[in-house]
Amino acid sequence: MTLANNILLIVLLPLCSFLLLGIFGRKYLSSFSGMIGTTSLFVSTILSVQTAFQYFFLNVSEHFEKIVAWKMTWLTFSEGVSIDMGILVDPISVMMLVVVTVVSLMVHVYSLGYMKGEERFATYYSFLSLFTFSMLGLVIAVNIFQIYMFWELVGVSSFLLIGYYFEKPSAVAASKKAFIVTRFADLGFLIGILILGFEAKTLDFVALIERLTTYNSPYLISATTASFLGASALTWGLLLVFMGGAGKSAMFPLHIWLPDAMEGPTPVSALIHAATMVVAGVFLVARLFPIFSISCPVALEVVMWTGVISALFAAIIACTQTDIKRVLAYSTMSQIGYMMFALCVSGYGGEAGLGFTASMFHLFTHAFFKALLFLGAGAVIHYIHSNEMKDMGGLRKSMPVTHITFLIACLAIAGIPPFAGFFSKEEILTAAHHANPIVYYIALLTAGITAFYMFRLYYNIFWSKEAKAAHHDDHHHGEGTWSMKIPLLILSVGAILAGFIPFGNFVSSDGHHLHIPFELSAAILPVIIAVGGIGLATLFYKNENERPNKLAASLQGFYNAAYRKFYIDELYLFITKKIIFNLIAQPAAWLDKNIVDGSMNGIASLIEWKANMIKSFQSGKVQDYALYFFIAAFGITALAIYLVN
Amino acid sequence: MSEIPFEHIIFLSTALFFIGAYGFLTRRNMIAMLMALELMLNSVNINFIAFNKYLFPDTIDGLGFTIFIIAIAAAEAAVAIAIIINLFRNTKNIDAEKADHLKH
Amino acid sequence: MSASATAFYLMAAFILTTGILTVTTKKLFRAAIWLLFSLIGIAALYFWMEVEFAAAVQVIVYVGGIVVLIIFSIFLTNQEGVNMPSALTKRSLFAGLAVVSAAAYTCLLLSNHYWMKGSDVVFDPSVNKIGRLLVANTPESFVLPFELVSVLLLAAMVGCIVIAMKAKPETK
Amino acid sequence: MISLEGLTTLLQAWLHDTLGEPWAFAAQSVLVGIAAITLFAVLGLALVYMERKVAALMQIRLGPNRVGPKGIFQTSADTLKLVMKEGLTPNGADKFLFNLAPFMVMIAAMLVLAPIAFARNFQIWDLSIGVLYVAAISSVAVIGILMAGWSSNNKYSLLGAMRSAAQIVSYELSAGLSILAIVILTGSLRISDIINSQADGWWIIKGHIPVLIAFIVFLIAVTAETNRAPFDLAEAESELTAGFHTEYSGMKFALFFLAEYINIFIGCAIGATLFFGGWMPFHISGWDSFNHVMDFIPSSLWFFGKTMFLIFLIMWFRWTFPRLRIDQLLNLEWKYLLPISMVNLLIVTFMAIMGWHL
């Protein structure tokens, strides 16, 4: 089996499952739909692991090539500029294939238990398959337009999944919000694509990167010399492309949809909003990294600061949220910010490319422990029937498996050795340290806050107040079925062991092996800070006490601001409602109603008035018509005869 | 034939045609309108035969046309009467003044 | 004036008088009878023109067919005894004006026209010739129109039955 | 030898000599009219008397036997009575049409006489479209009947007229089609041509089955067209009193009555002309001496004999068959006679094309 066929199969299996379940699911396959979806994805996972093995280990050379495994031209715009469909194999796409299929498989398995008894079970699974298909199609794209199309498909499927409980108004609102915000960002993406495509005269990734990174290539020169509002066309293009990425990855300030998107079923949150979809933005930047890095450091700077701000900002908000899924959502945002700025502190090639490797490494490990966290939170929610922290507490005895796996995940995300997060985060911090001290200190601070809020969450769920009455009422089911526990266990193994993978050997900015030296000195400080954060959380939240409230009271204004997510939503509302709506839309509407419509209506009423005047000719009486006909016929005949003579 | 001018036959048919036209335009009863229509058709037939006989006696095409017109007139009268009867059945009225439902 | 000419003018007067009565009489049934006389007069005119076949067809189709049909429809639509509503004054005025002016104009044109006689052959409308005209296998014959008219008659027959058929009561 | 042909030729020549062209024509017209009316009167009297006698024969009784020898003047007396009677016009009747109707019927019947050949070379007008002319003019009688029914202002009259008209219009079709069968065999519409085509044998005895079928259909259609039993429900006394002429009395009634008998005569005369060779004597081809003997019998006798035979047949029907219902009557025509005569016509056409009839 060749590489191309293999990958094609990986991608198309979920599509087949989507079509099968989407068309026949609800009527004929209702009870089997979960098994069908899971099986197809299981095959995909096996195949992708095999592909990764083939690519990474059976490769004899020292260098990981970008391989265009298969390509077909789909639409041709002009000579050289075409939309292609194909498969691009390189280290990051292979890694993404593994991540996406594994996490998706876990979610599929988990959903077998979690979604059991849902009325639209088959629909759910068909959406999951669609999502997986689009994500896989996105990561193997050969063409920037292919990415865009699958990007939109990802948007659609996330819209469908967030709005899965469409009978709930909040879910509908959340799905709409997610869709509109990401669509808005995608507009930027599209413009960016067009700018890049126009400058490089191609949409193909390989050619695009090659043309825009080669020193003195005519494309690069024209792209950098054409300027608009003080920035070059290339900068604008890249920034606009990044805008799309920021929208999908929930970077500040386009993050507002992510917390609301937690309205979807929890496994979906794990799949979409933790492990796969949101990293699409990171993936996009990583895909275009050579251009960013070599040709346009300015854009990279912007991306970096966006990442840094997002990381810190989200971490602070996460400390104040009480909805466990929202805490996790903000932590996701924070971690994505980490990945983002890690990319940007990196250089291209060799040792300088540490940040790139670190970012991808963090993406990889984060997928495991974040999925684990979400699935664990899902188990808790499944058990408690509530998202709120105040309804929880003391669950460690009734849910032992969940408790242990959740703890592992928390340790991993906090960066405690030897868990996965430690290694990746350490690499990021090292890279940041080399590049930019300010970023490094902010990142350190964020790491501490991360440890704090994760353990705040952990203690609030599993310790704190002892077994409240609420969750004793319905002990008809236990911790969850095995289909829910097994993914937790598998993912926790991943969260423990993923960090030991010598990631630099596989993924690096230029495809060469990168040996990452382990620097103990650089590792000590983050660990101390993380332990400090955990200790603080233990102090505050291990047992029920007044300290958190006191702290909140002492930080009144700041706490409230963080609790209200720094009023970003309100700001958007203010901008859209007060400014755009009142100052632009309403005058425009007035103009439309009174001037545009008015002129049309005026013409129409003029015609109507005239028509009323001549309407009496049309009496509906046949003899009137006959008389007109008679007179007209004779008139015309007489006229014709007169003219002829 | 030679005793009377050819025009007189044509005048006769012309007069008959306009009598029919007048009847068609003024009669309110649909059946009466149909009768007026038959008069007009007949005046055309007279014309055809007269032209054929006196101007082009070497053929009988005009006569053929007359026969076709008569056949078609029969079909037309039958259809018209079917429509009138159906209209009467539905509205109990065959006054052309009142049959203006399509206008509304 | 010769007997033939006298006969023509008598017939013309008869046709026109009965025609005018057809379109002016108040009673519908009488109008039908006047129409009948007018048509018979036209048939007589055809006889006078020695086109016997046309005359016979005229009588068979118009008198035996259409007028009977019209009388039947008069019976069916209950219009026997009552006088018909008189025409609207406005419309009669306009129609009369239009018709009279058009007729005058047409007569003017006709009387100013010179009629050229095509040939001096004796007109011979024998049944044999008519049959050959209608269905013979020659380019001059009217086979196609003949077939078309046949189809038209069939279609009209079916159409009439469909239109005038009473809607069947809904059977359950 | 004195024959009708010789008489008319003599008369014509005399008129031409004495009066000149136009007036001779006028005089001839007048004479023909007088002759026709006389014929009608005589025929009416004879046929009514015959009907009574046939009825009596069928019912094994004597019939009229008081006025004159064997009651031969009975009908004359009846006619006298009718003429003396007051012509009543019902209240609310359309007087003009009411008075016009019997004349319409009568005139139509008289006009049909024109192309009938009563004897060798004795014909008022040998039209090139003779048969078609007969079919055309006889359809005018329908209008007269409708006129009579409508103008009487009587619902029985109206119903009778409508039934009568429907019946006549329907049966005209099969009558026309069976006439056409002979026209196709003969190849001409002219009455004299049709008679001459039977010089060596009448169509009915030439042994063509389609001709036999056409004759039967024609006989049924004529019976129905003249509104005679068993198709006389237009004037079914038990249902409609007397049909369209319920309100007529006196001379106008007599005209209807007379027209009915004239129509029977005309129908039978046409039948005799088409199927029995009209005035053509009974000839068998090859038997020259026999044919010669037959030629000695005057042609007018042949004609009237055949016609009377058919009339007798129709009268026989009247007193033999029970009356049909209106739906049976229309079913008979539209579902049986018309298809039969159409198929028959097709067969005859095929025969004519193949030349089997010669």
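The values are calculated or read from the model by the stated rules, or taken from the named source; none is laboratory data. Only a predicted model underlies this, so the values are computations on that prediction, with no experimental measurement involved. Cβ sites come from the backbone with ideal geometry, for glycine too, and all protein chains shown count toward neighbours. For the accessible areas, the whole protein counts, side chains as well, though only heavy atoms, and no ligand, DNA or RNA atoms are used. Shrake-Rupley method; radii C 1.70, N 1.55, O 1.52, S 1.80 Å.
Annotations for the structure displayed:
- The order of the peptides D:72-84, C:150-162 by mean Cβ neighbours within 10 Å, most packed first, is D:72-84, C:150-162.
- Both radii were evaluated on the Cα set of the protein assembly as shown; the Rg over Rh quotient, with Rh as the Kirkwood radius, amounts to 1.33.
- Accessible surface of region B:6-93, 1.4 Å probe, proportion on carbon and sulfur as whole %: 72 percent
- Approximating the spin labels as points 7 Å out from Cα along Cα→Cβ, the A:Phe53-to-D:Phe317 distance works out to 10.6 nm.
- Within straight-line reach of A:Lys577, meaning a Cα separation under 26 Å, sit the following lysines at least 8 residues removed in sequence or on another chain: A:Lys168, A:Lys176, A:Lys177, A:Lys248, A:Lys565, A:Lys593.
- Charge dipole magnitude, Cβ of K and R +1, D and E -1 - the protein assembly as shown, Cα centre, debye nearest 20: 3140 debye
- Remark: chain A carries a charge dipole of roughly 1220 debye about the Cα centre, counting +1 on each Lys and Arg Cβ and -1 on each Asp and Glu Cβ.
- When region B:6-93 is described by a simple charge dipole with +1 on each Lys and Arg Cβ and -1 on each Asp and Glu Cβ, the residue from B:Ile85, B:Phe51, B:Ser13 located farthest towards its positive end is B:Ile85.
- Percent accessible area from carbon and sulfur atoms, region D:88-354, protein chains only, probe 1.4 Å: 70 percent
- Peptide ranges B:14-23, A:586-595, D:105-114 listed from the most packed, as the mean C-beta count within 10 angstrom indicates: B:14-23, D:105-114, A:586-595
- A cut-off of 5 Å between modelled amide H atoms, ignoring neighbours fewer than 5 places along the same chain, links A:Val89 with A:Ile67, A:Val68, A:Ala69.
- Beyond 30 Å in Cα-Cα separation lie the following of the pairs A:Lys116/A:Lys370; A:Lys27/A:Lys325; A:Lys615/B:Lys92; B:Lys98/C:Lys27; D:Lys81/D:Lys306; C:Lys166/D:Lys335: A:Lys27/A:Lys325; D:Lys81/D:Lys306.
- D/C buried area, accessible surface, summed, 1.4 Å probe, Å²: 2100 Å²
- Convex hull of alpha carbon positions in region A:551-645: directionally averaged projected area 13.3 nm².
- Global form of region D:4-87, assessed from the alpha-carbon gyration tensor, a/c cut-off 1.5: prolate
- Between C and B, accessible area buried - total, square angstrom, nearest 100, 1.4 angstrom probe: 6800 Å²
- Span from the region D:84-103 Cα centroid across to the region A:191-205 one, whole angstrom: 104 Å
- Relative contact order computed over region D:88-354 (Cα-Cα under 8 Å; 6+ residues apart), in percent: 26 percent
- For chain A, complete DSSP H runs whose alpha carbons reach 20 Å or more along their own long axis and whose mean Kyte-Doolittle score is 1.6 or higher are A:3-20, A:91-114, A:144-162, A:297-320, A:400-414, A:482-497, A:520-541, A:622-644.
- Considering only A:Ala171, A:Phe503, A:Leu105, the residue lying farthest towards the positive end of the dipole of chain A is A:Ala171, judged by Cα position with unit charges set on Cβ.
- Under the Karplus curve 6.51 cos²θ - 1.76 cosθ + 1.60, θ = phi - 60°, whole-Hz ³J(HN,Hα) for region C:33-48, x wherever Gly or Pro sits: 5, 5, 4, 4, 5, 4, 5, 5, x, 5, 4, 4, 4, 5, 4, 4
- Cα gyration tensor, region B:6-93 - rounded (a/c under 1.5), prolate or oblate: oblate
- Inter-part distance where region D:34-58 and region C:23-75 are each reduced to a Cα centre, Å: 32 Å
- A simple charge model with +1 on the Cβ of Lys and Arg, -1 on the Cβ of Asp and Glu and nothing else charged puts the dipole of region A:567-619 at about 240 debye relative to its Cα centre.
- Where A:Asp323, A:Asp597, D:Asp17 fall by accessible area, highest first, once all protein chains stay in place (1.4 Å): D:Asp17, A:Asp597, A:Asp323
- Cα gyration tensor shape of chain D, rounded if a/c is under 1.5, else prolate or oblate by comparing a/b with b/c: oblate
- Alpha-carbon centroids, region A:594-628 and region A:82-103: separation in whole Å: 64 Å
- Dipole axis of region B:6-93 (+1 Lys, Arg; -1 Asp, Glu on Cβ), positive-most option in B:Ile31, B:Gly64, B:Ala75: B:Ile31
- Taking all protein chains together and rolling a 1.4 Å probe, A:Arg287 ends up with roughly 0 Å² accessible.
- Here's how it looks for D:Gly278: its modeled amide H is under 5 Å from those of D:Thr273, which are all 5 or more places away or on a different chain.
- Label point distance in nm, D:Gln12-D:Ile353, each placed 7 Å from Cα along Cα→Cβ: 4.0 nm
- With every protein chain in place, region A:295-391: carbon and sulfur % of accessible area (1.4 Å): 65 percent
- Scalar couplings 3J(HN,Hα) for region D:167-181, obtained by applying the Karplus form with A = 6.51, B = -1.76, C = 1.60 to θ = phi - 60°, are 5, 5, 4, 5, 6, 4, 4, 6, 4, x, 5, 6, 5, 4, 4 Hz; x denotes Gly and Pro.
- Cross-link partners of C:Lys129 among lysines, defined as those whose alpha carbon lies under 21 angstrom from its own and excluding same-chain residues fewer than eight positions apart: B:Lys53.
- Within the same chain, lysines fewer than 8 places from A:Lys201 are excluded, and of the rest, those with a Cα less than 25 Å from its Cα are A:Lys66, A:Lys71.
- Debye intensity ratio I(q)/I(0), log10, region A:318-450, q values 0.13, 0.16, 0.19, 0.22 Å⁻¹ (C-alpha model): -0.56, -0.79, -1.01, -1.25
- Model label sites at A:Thr214 and C:Tyr114, defined 7 Å from Cα along the beta-carbon direction, differ in position by 9.3 nm.
- Solvent exposure of the protein assembly as shown, expressed per residue, is 44 Å² of accessible area, with all protein chains present and a 1.4 angstrom probe.
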